[in-house]
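What follows is a single structure, written as structure tokens, with notes after it.
The values are calculated or read from the model by the stated rules, or taken from the named source; none is laboratory data. Please read all numbers here as calculations on a predicted model, not as lab measurements. Note that we place each Cβ from the backbone using ideal geometry, even for glycine, and neighbour counts take in every protein chain shown.
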């Protein structure tokens, strides 16, 4: 129907600092030969939710050597607050993404 929609919610954009995410990946790979996306999100929890998770996946495809293990499903969880201040918890299930040196 004709429910009121908060236009600010529709048009608010989250800016994800992809360079900062890339630095986080490179830093993790200095100490190890490989690191999973889940491990990256555990050591530095997602600040921008799904938008940040998608940015990591874009970096995996564009800027880093990666392996996707379709046989293993990983759960990546994050917390946030909506425009009304109410807190929420969300999660995504996806194949294991491994960044390799």
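Structure values in brief
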| read-out | value |
| --- | --- |
| Tabulated pairs, region 27-51, first touching a residue at least 60 places away in the same chain (Cβ under 8 Å), second exposed (fewer than 15 other Cβ atoms within 10 Å of the Cβ), C-beta under 6 angstrom, 6+ apart or interchain | 29/101; 33/101; 34/100 |
| Unmet criterion (only one of (1) more than 20 Å from residue 33 (Cα to Cα); (2) modelled with pLDDT of 95 or more) for residue 86 | (2) |
| Tally of residues being at pLDDT 95 or above, out of contact with any helix residue (DSSP H, G or I) (no Cβ under 7 Å at 6 or more places or on another chain) and assigned to a loop (DSSP other than H, G, I, E, B) across region 23-60 | 3 |
| Pick from region 66-91, criterion surrounded by 13 or more Cβ atoms within 10 Å (Cβ to Cβ) and in contact with a helix residue (DSSP H, G or I) (Cβ under 6 Å, 6 or more places away or on another chain), ranking: nearest to residue 24 (Cα to Cα) | 66 |
| Residue check for residue 16: assigned to a strand (DSSP E or B) and surrounded by 12 or more Cβ atoms within 10 Å (Cβ to Cβ) | no |
